[in-house]
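Novice: Let me begin by handing over the structure; questions about it come next.
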Amino acid sequence: MTSVPMPIPSRTQFVLEGIKHRILTGQLTPGQALVETELAAQFGVSKTPVREALKTLAGTGLVVMSQYKGVTVRRVDAEMACEVYDVRLLLEPEALRRSVRRGASLDAARDALTRADGATDTAERSLANREFHRALYVPCGNPLLGRMLDEVRDQAALVSAVAWAATPSWEREAGEHREILRLALAGDAEGAAAALHAHIASFVRRAFPESGMPEGAETAEGAGMPEGAETAEGVERSAAAQVAEAAQVFGTSVRGEDGRG
């Protein structure tokens with residue numbers, strides 16, 4: 001008999017979303033202690049939903065649970081940023097390439113970009129930017145590929161929040177977002193994927209220069225694409241290899257849209 005995942009109780013979900021929002025908007029900073037009794041009082045609930053919410057957040061990588069230090073917001077360093085953004089570099093451009101090729105609607109991406117441009121604070125802008133990126137990869141035609149990217153979505157947002165707090169760079173990134181969307185709406189799958197790859201790589205290199213992200217990472221050559229990848233067949237083989245490599249990180253496999261490996 002197939003087991004069905006139990007839904008998260010409403011109070012736990014309420015607390016979970018509240019804590020996540022505070023972390024991703026910088027109200028709770030990396031390394032800050034998260035005390036159950038204090039959070040319970042702030043959210044007007046008992047300690048039980050707070051405890052369950054913190055366990056879920058630990059599973060997504062936003063908080064760290066230690067036997068001696070208790071629960072703290074995860075600290076962001078160059079190593080952590082590189083791990084998260086490496087997965088994004090492997091998967092996200094390929095997902096966008098597939099979204100464009102299949103003619104998927106990108107209205108949600110356009111709406112998110114409009115919200116980001118009109119944002120009045122960092123929190124609103126951050127949330128809109130997250131939705132922009134997700135709207136590019138969700139319609140790729142492969143639900144598992146989308147879920148794999150969702151797995152690192154919160155951690156990527158935490159990296160961005162820390163980087164923006166140190167050096168605000170959203171105006172540059174907004175321009176890059178507009179160019180990515182322009183290429184995607186024009187049906188240029190390869191151009192959009194290349195622009196997205198450059199966008200992701202350059203961000204982590206600027207924010208964490210000690211990460212060792214190579215200068216050429218935003219190009220096909222710097223991304224490690226094999227000779228011949230400039231052809232359609234070469235790009236397809238390279239993309240499939242990148243998805244397979246990232247799938248190993250998650251201990252699973254990703255099949256193509258036609259069901260073949």
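Novice: Residues of region 27-59 being closer than 21 Å to ASP150 by Cα, open to solvent by less than 40 Å² (accessible area, probe 1.4 Å) and either in contact (Cβ under 8 Å) with a residue 40 or more places away in the chain or in contact with a helix residue (DSSP H, G or I) (Cβ under 9 Å, 6 or more places away or on another chain) (or both), which ones?
Specialist: Matches in region 27-59: ALA53, LEU54, LEU57.
Novice: Do you know which residues across region 105-122 are open to solvent by 20 Å² or more (accessible area, probe 1.4 Å) and either among the acidic types (Asp, Glu) or over 15 Å from ARG182 (Cα atoms) (or both)? Write out each step before concluding.
Specialist: Residues of region 105-122 that are open to solvent by 20 Å² or more (accessible area, probe 1.4 Å), as a first pass: 105, 107-108, 110-111, 114-115, 117-118, 120-122.
Result: ASP107, ASP111, ARG115, ASP117, GLY118, THR120, ASP121, THR122.
Novice: Counting only residues that are closer than 30 Å to GLY187 by Cβ, give me the helices (runs of 4 or more DSSP H) lying completely in region 19-106 with at least 1 of them. Walk me through how you get there before you give the answer.
Specialist: Details: elements: 36-43, 47-60, 78-101.
Correct list: 78-101.
Novice: Within region 143-169, track down each residue that is over 28 Å from ARG102 (Cβ atoms) and touching a helix residue (DSSP H, G or I) at 6+ places or on another chain (Cβ under 6 Å).
Specialist: Passing the criteria: VAL159, ALA161, ALA163.
Novice: May I pose another question? Out of region 139-173, which residues are over 16 Å from the mean Cα position of the chain (by Cα) and open to solvent by less than 20 Å² (accessible area, probe 1.4 Å)?
Specialist: Residue satisfying the conditions is ASN142 alone.
Novice: Out of region 123-138, which residues are open to solvent by less than 30 Å² (accessible area, probe 1.4 Å) and more than 16 Å from THR25 (Cα to Cα)?
Specialist: Applying the first criterion (open to solvent by less than 30 Å² (accessible area, probe 1.4 Å)) to region 123-138 yields 123, 126, 128-129, 132-133, 135-137.
Across region 123-138, the qualifying residues are PHE132, HIS133, ALA135, LEU136, TYR137.
Novice: Here's another thing I want to ask about it. Just to check your reading of the model, which residue among ASP117, ASP111, ASP107, ASP121 is within 24 Å of PHE14 (Cβ to Cβ) and among the acidic types (Asp, Glu)? Please lay out each step first, then the result.
Specialist: Numbers: ASP117 fails: within 24 Å of PHE14 (Cβ to Cβ); ASP111 fails: within 24 Å of PHE14 (Cβ to Cβ); ASP107 fails: within 24 Å of PHE14 (Cβ to Cβ).
Of the residues listed, the single one that is within 24 Å of PHE14 (Cβ to Cβ) and among the acidic types (Asp, Glu) is ASP121.
Novice: Another one. From ALA81, ALA108, ALA33, grab the single residue that is at pLDDT 95 or above, out of contact with any strand residue (DSSP E or B) (no Cβ under 6 Å at 6 or more places or on another chain) and of a type outside the set (Val, Ile, Thr).
Specialist: ALA108
Novice: Also, quick follow-up: If I ask for residues that are more than 20 Å from ARG134 (Cβ to Cβ) and either part of a helix (DSSP H, G or I) or touching an Asp or Glu at 6+ places or on another chain (Cβ under 8 Å) (or both), which ones from region 178-193 would you list?
Specialist: Step one: filter region 178-193 for residues more than 20 Å from ARG134 (Cβ to Cβ), giving 186-188, 190-191.
The answer is GLU190, GLY191.
Novice: Looking at the structure I just gave you, is MET80 closer than 17 Å to ILE23 by Cβ, open to solvent by less than 50 Å² (accessible area, probe 1.4 Å) and touching a residue at least 12 places away in the same chain (Cβ under 8 Å)?
Specialist: On the way: closer than 17 Å to ILE23 by Cβ: yes; open to solvent by less than 50 Å² (accessible area, probe 1.4 Å): yes; touching a residue at least 12 places away in the same chain (Cβ under 8 Å): yes.
Taking the combined requirement at face value, the residue satisfies it.
Novice: Between a residue in region 138-162 that is part of a loop (DSSP other than H, G, I, E, B) and any residue that is among the polar types (S, T, N, Q), which pairs come within a Cβ distance under 9 Å, given they are 6 or more apart or on different chains?
Specialist: Short answer, once both residue conditions are applied: GLY141/SER99.
Novice: Out of the residues in region 86-112 meeting the condition of being within 17 Å of the chain's Cα centre (by Cα) and of a type in the set (Asp, Glu), tell me which one is farthest from ARG205 (Cα to Cα).
Specialist: The qualifying residue farthest from ARG205 (Cα to Cα) is GLU94.
Novice: Shifting gears a bit: I'd like to verify a number: residues in region 107-118 that are part of a loop (DSSP other than H, G, I, E, B) and among the basic types (Lys, Arg), how many?
Specialist: Let us first name the residues in region 107-118 that are part of a loop (DSSP other than H, G, I, E, B), namely 118.
Subset that is among the basic types (Lys, Arg): none.
Residues meeting the conditions: 0.
The values are calculated or read from the model by the stated rules, or taken from the named source; none is laboratory data. Computed from a predicted model, the values in this text were never measured in an experiment. Using ideal geometry, Cβ is built from the backbone for each residue, glycine included, and neighbour counts are taken over all protein chains shown. Ligands, DNA and RNA are stripped out before the accessible areas are found, and what is left, the full protein with its side chains, is counted by its heavy atoms. Shrake-Rupley method; radii C 1.70, N 1.55, O 1.52, S 1.80 Å.
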